[in-house]
Structure formats: structure tokens, C-alpha cells
Amino acid sequence: MITFSLNGNDLSVDADPAMPLLWVIRDIVQLQGTKFGCGQGLCGACTVHLDGIAIRSCITPVSEAKGKQVTTIEGLQGNTETDEHPVQQAWIKNNVPQCGYCQPGQIMSASALLAKNTSPTDDDITQAMSGNICRCGTYPKIRQAIHDAAKHLASPASSNVSTVPLTANFQSDLSS
Amino acid sequence: MNTTTSRRNFLKAAGLTGTGLAFSLPLSGCASNSPHHSHNSWHANAWLELTPDNRILFYLHRTEMGQGTMTGLTTLIAEELEVEAHHIEVKTSGVHTDYVNPLYGIQITGGSSSTATNWIPLRTVAATAREMLRKAAAKRWNVKPEAVLIRSGKAHYQKYSFTYGELVDIAKDLSVPSVTLKTPDQFQKIGKPSIRLDTPMKTKGTARFGIDSAPKGCLKASVVRCPVIGGTVKSWDANGAFDMPGVKKIVAIPNGVAVIAISWWQAKEAAKKLTIEWDKPKFSKFSDASILEGYRNALKNNSGKTARDDGNTDSAFEAAQQVIEAEYRVPYLAHATMEPMNCSVVLNSDHCEVWAPTQGPDIAAAAAEHASGLRRSQITINTTLIGGGFGRRLNQDFVEEAVHIAKESGLPIQLIWSREDDIKNDFYRPAAVAQLKGSLNAQGQVDALYYKSASPNIMPYTFKEASAVVLPAWLPDGMVKAVGSLGPTVYGDLLLDETSVEGASDSLYEIENFAVRHVQYDPGLRVGFWRSVGHSYNGFFIESFIDELAHASTRDAYQFRLELLKNNAKMTQVLSTVADKGHWGKPSQGNTPNPRFQGIAVHHSFKSYVALLAEISIHNNSVKVHKITCAVHCGQTINPDIVKAQMSGGIIFGLTQALKGKISIKDGEVQETNFHNYELLRMNEVPEIEVHIIPSSDAPTGVGEPAVPVVAPAIANAIFAATGKRLRSLPLTLNS
């Protein structure tokens, strides 16, 4: 049994220590927000936080998570439906996603960047985000959303990013 | 606009005539004939359902793959139904003849066609429902319908109001009225940016793609395929794979061996143990050099099919002052959608249920029917959100594989492809080689343009998969296969495949003598639709060659194009917009020592007009793209933010093609495997991108694809300006 914390909950899994964390999260714990893209740490779709650091879960054996804190996209927002992480709020305000498949990974990379650098320059953003591929080409919006989130983190009161209608009444059979 | 919606005319407007079955479907009321069933609801038609508890359901019949169709089409409904788009519940429609794409006769999402083909039908559907609600309210209040105000999801009369739900019972029995659609000046929602309906779920990680849609209890499958596509299993040995942890079963399917395990990682690990002997296809004799030789021989030895023959190019060349000739070429390309191919199947003796990220659910149904041996009526296809399409998911090979695995194993399974499986088993964008010849008269004007290309046609591959959808369901499977196999004959020998020459045969350049010919040459690597299809390379060929002619005539490349398009207002408008906004002739200085250079291109595809100006510099013999200025004329925008995102995304897709994309073949095997050797543009390479939408209230045209064709030529033209080197093959590299 390998024990670690996932999104704040202690968890023990009976898995091969070599099994990548990605597949433990997706196939055993059955949290599906974290995506499989390449299996080689090349695209960033599988990015999660390990003790706050952005890592590629597709090439990280679950044994490396032992005793540590793992955060996935599902654990990024607060406890309520409308309590999005500032990065998620900025993503929504900027309408960042197209197909959306890479976005959980992009958001995890962006939130890890902002956790250690609250006012990143364009170069900082480029450096932190170039491991995440987006085939739809949402990069310009990603950059803008990170700058917006940084502004919000600097002075949360002055930048109200929640003025847009979120999921209030919208439902779709394409969301879980 | 006055639209009479008698049922017959409505169906005609919706492009649903000629499908027989569609006529038997009523526009209103009868739930028993509706593709969707629920009690007490009003099924206004195949798209809209209103319930007594005031829910509005829209059955979305196109696949959301990032292009924004969920938001765009729901906005069309919201506009005429006088509700907010986010108050409408979007459901996937399933497969039904009502949902056929009128451009193609099958239910596909492709060809940048979703907005254009639904612009009138969906607004008519919603406006019709709105007027029936108005009449129902009038009946309840015993007033004239004109006295009823429909606003904000309610019917109002003086101080009274009804929700739509309260009117459903009466509305569903009313006759179908004629409706007048709103004019652009009356639009409240169309043409205004809004938060996409799928943004929140895609930001929170709750959006369910195909890979997330396996029903509970599904085991995971990984397939080992022949290194050369088209090979079949001669013999195989599990070689200890059975004893690997989690493995439940190993089965052979026509094109490989599938390992089924509890976790996909276990299946993949166990699959590494298999030893398989293959019967390799003829294509295993081909490599890059022999393929190129084949193309050149085909061009030399075949006159090909005529796609265009204006004036007389032969005599024009004889009389010409100056003749320029060049050979251009592009490689095969993979789609590389971020979500790898996957499909879940639950199969029993009389039913096959499929969950697939597909752009063609009815083709998926045909594939499942073929693989399962069941009848069409026993197949259910659940279309999911898809993590990128770009044309790849118009082919249903992954569905066919998954159904084969479920059938052979007798287990509910989810098949997931690795990235390596995905890059090595695509339906590739065709490689193509073109000969171009142009002539200038004494005034430096283009007298003649001759284009002749060789490439594999896509249609034979499409025909093979899609023929089962359009053929009558009662035809025996063997007959369907026989007809499907006619594709290569029909499109190779008899018909021109328009997709091979599009962008050249329909070029808008006003050239008196203009001929376009195509030679079908297919070494055997399967090909498919790749974002902008034939335009993706014909744009590069034509727009680079026009630039060559401009330089030969010593004229300004922008003015030269304007003159050749002088009777086309929309082409002129996009060209002059990028020249103006992008400061043509005055490249910016930048803050680096290397000077910047500009290139320009213009192209018409999917009924839209696009011009693009690229600004680059050369550093250590490599190209750096600094800024892209783009203009598009695409008619009325539904959501301008999505249009800009599609253009910007198409530009980045085009940059990957221009600077990186190449599939190489050795002994029939695709050499690229993952993102380290099939690279996609990353954030550090993305230039500043500026998109200008030409304001218009014309009917909407495509935006998903039209940005792609102009990118590579604009950059190649800028490279010529910078270095004097004309790069005539993709990807653009200065060292070769």
C-alpha cells in the first residue's frame, strides 16, 4: 500500500510502485480531470502538483508520491461550486479553452507558477508554460489569463473577475 | 426575412429533403416519432424540447471539438427563442437522419460548415417555437397573439406572465405558423462576445471527453498493431503477457493483438511482452525517396484530370515575355489531437453501445455494425466532447477496433491509443508535389498560370468508411463492402477528387489563361481530412508562386495581388486591411539587432476570405516569426470572440505546419512517434497575433479552417524577402 494525500484527503492505494501517478489517479481513484496526452512527459496534459510543484504525472511513479500531497485540477478550487481558484476565474473570464483537453494541465502549470511568483513577466510565463502543448493554439489567451490572475492575486478586491455568468443554470450532459 | 415553415418547406430549408425518412418526422408534437422520448414534454422538432417544468433542451447534432459550435448553435436558438443561451440545456443528439449535414449527406462535423448550414434552420426552429408559445399564451389570456410580448424566457400581457413551461401543453397542439426571422439590427445575442457554454466545465476539469466516458466496469485495452499500417497478424505469442498483473484477456483482431487489463497502464505494460509476426502490406517497400520518385514519375507520365481550363495556357506560354517554372512539395502530416483516439464499447448479443469522441457518429454506427455483425438498429452511438478533431475523427478506425475487441473478448472495454499509436496510425494529410508554370507579358502582368499536382486522393478512404451510411440499410454487409471498395476506382480513375485541387481550381485570381490538373498517385499510406484539407497545401503552392511572379515582374507583392483581384471586393478588403494594420512595407524595428522582413498571402476557402501578413527575422540561419496580422471576411459573426480564437488557433496550427510538420517513411513505417520528433508549436514560439474581422451582416461562412492555408506562404514569402532564398517545400528550413 502506498499512502499519500490527494486533494487534501489521505489515501492508500494498492498499486505497483512503478505505476505512473496519472493512471493511479485516473484508473484507481477514478478522478478524470487529469489527462493522458503523451506518456513521456512531453505535452503537460497530465500536470498535477506534488507538494505544490508542477510535475508530469504520466512519468512519475506513484511511489514518488508516498507521504506527499498531490493536487489535481479537481482539488484546485475551494469547497464550493463557485469558489474557483483565481487562475480558473481568469481562464473563464478570458474564455481560454477551445477543445479543453490540455487545459487542466495548463491550469496546474499556471497555478504552480503563480504560487511562487505572483507577478510573472512574459519571459517567466513562457518558461513555466512551454512544457504544455495546446494543439488548438490557445497560447495567447493562456498568457493573458495568467497576467490577469496575477493582478487579481496582487489586489483581489480591485479586480472583480466573477461578474460573468458561470454554470449557474447551465447544464450539459457532457459534464459530469 | 420571411420564412414559411410548412413542414415540407421547413425540411427543405433545413436541408433535409431527399432523405425520405425525414418527411415522416413531424415538426411538432408527436413524441413517438421524435428521436428523443420523454413524457409530458413538447418536442417542437428534432432539436428543441420544452418541458412543463420550464426546461429548454437543445439536442446538439454537431460535435464540440473546440471550435465553439455548442455555444454558437445554442446562441442561434437563444436569439430567436428570447432566452439566455446559458439557460438552455445542451444534450447530444445521437444519430438520426434529421441531423445529417446538408453539405455532405451524412451527419458529420467538418468542412467549417456547422454555423453556415445551421444559420437559417436553427433560427427558424426557435422562431417557430417562439410563435407557437405566443399563440398558446394568447389562447390562455383570450387576446390576440400580437398583444403578447415574448421576452426573457416568458410570455407577457399587461401585468401577467407565463413561463414557457406553463404554455407547453397548449403549444404542442397548435398548427405550425410562418415565422419572420430577426434582421441583424434586431440581434440581441448574435454578434456579441459571451462566455462559451463549455468554458466553466473545461476549466474545472469536469468536462467529459471520450477518454473519460467509459461506463463503470469497462476494462482497458491496448492494441499492438503492425509497424506498417494495413499489415495483418500472421501469428502471435503471448510470451508471458497473460501472467502480467491485471491482465484479463488477450485477443487477436484483424489489424493487431489487444491486451485487456484492469488499468490501461497494465494493458500497455503487458502488451510489450507480445511477439507478433506480421503479414506486411505492399507499402512496406516504400520510403521517403521512393515515394517522391513515384510522385515525380506520375507527374511526368500522366496528363491527369482537368480541374480548370480557362483560356489557352499553351499558346499563352508560347507568346510570353517571361516564363517561370517551379516544383513545390509538402510532406504527409499527422493530426496529433491532444486526446488520443479512444472508444468504449458494451456489446451483447442484440445490442452494441459505443461511447466515441467522433466527428461522424453515423459513420461510427456503420463501423460498429460492420465489426459487431449486428443490425444498424441495434447500435447506439454516444458522441462525447472531443479533445481536438481537425478532421482525424471523421475516420472511425478506432471505433471499429474497439468493437472488434469487445466482440472477440466478450468483455466491456475501453480502447485507448498511446501517443505513439496515434502518430503512427493516422489518416495523414496527403503529401503532394506540384509543378507550377506562369508567364508575364511585357507590362509585367500575369498572362497564364498552369498548375499540375500529384497526390493521393482522400475520397477513396472516405468512401470506404462512409458508403455504408448512405447505402440502404437492407443491403447485405458483403455488398456494402463491395461498394465501399470501389472508392479507389471511382476516385482514382473516373472522377476528379475536388479536395486534391481545392484552393487552386477555385482560385479567385483573375488570370485569363489558367489551367489546373491533378494526377492521382497513391503509394499506399492512408490519407484523410486535415484542417483545411487541400487548401492546406494548395494555399502554399499558389500563394508562394504568385509571390515568385510578383518578384519576377519587379512589382510590389501586395499591389501585384490587388491588381489580380481587382474585381473581388472581399479579397481586396482583407488584403488592404492587413497591409494597413500590419504596416506593409514598413516592418517594425523590434528590440533585437536582426532586421525584420514581411511576407503577405491571401486565400479563399470554406467561403471565407483571409489575408495574412507575417513579420519575421533570421537568427543563426533559423526563422523567428515575430508578428502575424490577419484579416477575415466571414459574414455575420455569432460570437466574435470565438471567431478570433478560431483564426488565432488556425494560425498557430498553420505555424506548426510551416515550421515543423513532417511525417517520414522508412520501409513503409512512419518514423515519428511522439512530440519529441513530431513537434507542435509551444508557447515560446508563438508570435504576437492580431486578428481583424471585417464587419458584415452577410450569412456566416467558415472560420475553423480558413486561417491555416495563408500561414506557410506568408512566412515563405517573408523568408524570400529576408534572404533571397525561395523555399518551395515544407517545413520551411534554411539549412536544407
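Name every residue in segment B:658-676 that is facing chain A (nearest Cβ under 10 Å), among the polar types (S, T, N, Q) and surrounded by fewer than 20 Cβ atoms within 10 Å (Cβ to Cβ), in order of residue number.
The initial filter retains those residues of segment B:658-676 that are facing chain A (nearest Cβ under 10 Å), namely B:673-676.
Still in the list and also among the polar types (S, T, N, Q): B:673-674.
B:Thr673 - this is the single residue of segment B:658-676 that is facing chain A (nearest Cβ under 10 Å), among the polar types (S, T, N, Q) and surrounded by fewer than 20 Cβ atoms within 10 Å (Cβ to Cβ).
For (1) assigned to a helix (DSSP H, G or I); (2) out of contact with any helix residue (DSSP H, G or I) (no Cβ under 8 Å at 6 or more places or on another chain), each residue gets a yes or a no:
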| residue | (1), (2) |
| --- | --- |
| B:Phe390 | no, no |
| B:Glu400 | yes, no |
| B:His404 | yes, no |
| B:Leu415 | no, no |
| B:Lys437 | no, no |
| B:Ala442 | no, yes |
| B:Ala448 | no, no |
**Message:** When you check B:Gly165 against the structure, is it modelled with pLDDT of 95 or more, over 20 Å from B:Ile120 (Cβ atoms) and surrounded by 13 or more Cβ atoms within 10 Å (Cβ to Cβ), yes or no?
**Reply:** yes
**Request:** Taking the residues in segment A:1-31 that are under 17 Å from A:Ile107 (Cβ atoms) and open to solvent by 40 Å² or more (accessible area, probe 1.4 Å) as candidates, determine which candidate is nearest to the other protein chains (Cβ to nearest Cβ).
**Result:** A:Leu31
**Prompt:** Would a scan of segment B:622-639 turn up a residue that is among the β-branched types (Val, Ile, Thr), open to solvent by 10 Å² or more (accessible area, probe 1.4 Å) and at the interface with another protein chain (Cβ under 10 Å from one of its Cβ atoms)?
**Reply:** no
**Asked** Taking strands (runs of 3 or more DSSP E) that fall entirely within segment B:241-294, which contain at least 3 residues that are at pLDDT 95 or above, open to solvent by 20 Å² or more (accessible area, probe 1.4 Å) and outside the structural domain of B:Gln435 (by TED's automatic domain parsing)?
**Response** B:247-253, B:275-279
**Request:** With the checklist (1) within 22 Å of A:Gln144 (Cα to Cα); (2) assigned to a loop (DSSP other than H, G, I, E, B); (3) over 23 Å from the mean Cα position of the chain (by Cα) in hand, flag the one item B:Leu681 doesn't pass.
**Result:** (3)
**Prompt:** Among (1) modelled with pLDDT under 90; (2) hydrophobic (A, V, I, L, M, F, W, C); (3) touching a Phe, Trp or Tyr at 6+ places or on another chain (Cβ under 9 Å); (4) not in a helix (DSSP H, G or I), which single condition is B:Val483 missing?
**Reply:** (4)
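Mind telling me which of the residues A:Thr34, A:Thr71 ends up being open to solvent by 10 Å² or more (accessible area, probe 1.4 Å) and out of contact with any Lys or Arg (no Cβ under 6 Å at 6 or more places or on another chain)? Show your work before the answer.
Working: A:Thr34 fails: open to solvent by 10 Å² or more (accessible area, probe 1.4 Å).
Result: A:Thr71 is the single residue among A:Thr34, A:Thr71 that is open to solvent by 10 Å² or more (accessible area, probe 1.4 Å) and out of contact with any Lys or Arg (no Cβ under 6 Å at 6 or more places or on another chain).
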**Complete:** Those residues of segment A:110-154 that are facing chain B (nearest Cβ under 10 Å) and polar (S, T, N, Q) come to a total of 5
**Test: B:Val176 is at pLDDT 95 or above and either open to solvent by 50 Å² or more (accessible area, probe 1.4 Å) or more than 14 Å from chain A (Cβ to nearest Cβ) (or both)** = no
**Selection count, segment B:259-277, where residues are away from every other protein chain (no Cβ under 14 Å), closer than 26 Å to A:Cys38 by Cα and either touching a helix residue (DSSP H, G or I) at 6+ places or on another chain (Cβ under 8 Å) or not aliphatic (A, V, I, L, M) (or both)** = 4
**Request:** Quick one: count up the residues across segment B:350-370 that are surrounded by fewer than 24 Cβ atoms within 10 Å (Cβ to Cβ), farther than 14 Å from B:Pro412 by Cβ and not acidic (Asp, Glu).
**Result:** 1
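The values are calculated or read from the model by the stated rules, or taken from the named source; none is laboratory data. Since we're looking at a predicted model, the values are computed, not measured. Ideal geometry is used to build each Cβ from the backbone, glycine not excepted, and the neighbour counts take in all protein chains shown. Ligands, DNA and RNA are stripped out before the accessible areas are found, and what is left, the full protein with its side chains, is counted by its heavy atoms. Shrake-Rupley method; radii C 1.70, N 1.55, O 1.52, S 1.80 Å.
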